[in-house]
1. Full-extension gain between Ile45 and Ala67, please, as 0.36 nm times their residue separation minus the C-alpha to C-alpha distance.
2. So if I restrict to the alpha-carbon atoms in segment 1-80, what is the Rg, and what is Dmax, the biggest pairwise distance, in Å?
3. Express the Stokes-Einstein translational diffusion coefficient of segment 16-141 in µm² s⁻¹, to the nearest whole number, given a Kirkwood radius over alpha-carbon pairs, 20 °C and a viscosity of 1.002 mPa s.
4. Considering only DSSP states other than H, G, I, E and B, which trypsin sites (Lys or Arg not before Pro) in segment 75-140 qualify as loop sites with at most 12 other Cβ atoms within 10 Å?
5. So, with +1 on the Cβ of K and R and -1 on the Cβ of D and E, and no other charges, what is the size of the charge dipole of segment 16-141 about its Cα centre, to the nearest 20 debye?
6. The chain: longest stretch without exposed GluC sites (Glu not before Pro) (DSSP loop, at most 15 other Cβ within 10 Å), sites themselves excluded?
7. Quick check: residue separation of Lys5 and Asn79 times 0.36 nm, minus the Cα distance between them. What number comes out in nm?
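Just so it is clear, none of the values below were taken in a lab; they were calculated from the coordinates. All values derive from a computational prediction rather than experimental measurement. Don't worry about glycine lacking a Cβ; one is built from the backbone with ideal geometry, like all the others, and counts go over all protein chains shown.
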Amino acid sequence: MGSRKTIFRETTEVPVRRSVEGIVDMLAQAGAKTVNQQYEEGRPIGVQFTLLVQGAMCTFALPTRTAAIEKELAKRNANGRGRRKAPSEIQAQADKIAWRQLFAWVEAQLAMIDSGMAAPGEVFLPYLLNAAGLTMWDAFSHKQLAAPEGK
């Protein structure tokens, strides 16, 4: 039998609200001028914040993409033994995991900034919002932002 790979923070019981509040607090302490939460059907799905980067006020959007986590948890639930979890339980755990992962990621990025290993714009660049409301990563992945040509 092969061992099953676990999802980072898979067993977290930290409520989503606590992770969101921690992220908001960390960003505010790091100098964010505004921090807003995004919701979909009453569930928090991301955080947007503004930060002064090289003299320009920039807006960044950090999403929690729970679909892949939820899919994996549902697959395990269907193939597992013991009590089957309701879809709402699976979704709630996927939300907890995603938010705790984002919390850990923000904490790590801010530690790199604090130690001088990286600049704020450097670590948050993929999440910089453009005029169309897309992150740099979304614009790049939808081919609305050109990749440098290889030589």
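1. Here the segment from Ile45 to Ala67 would lengthen by 6.8 nm.
2. In Å, with Rg to one decimal and Dmax whole: 16.6, 56.
3. Using the Kirkwood radius from Cα pairs, D works out to 135 µm²/s.
4. Hits after loop and neighbour filter: Arg81, Arg83, Arg84.
5. Dipole size: approximately 780 debye.
6. After excluding every exposed loop site, the longest remaining stretch is 42-148.
7. 25.2 nm
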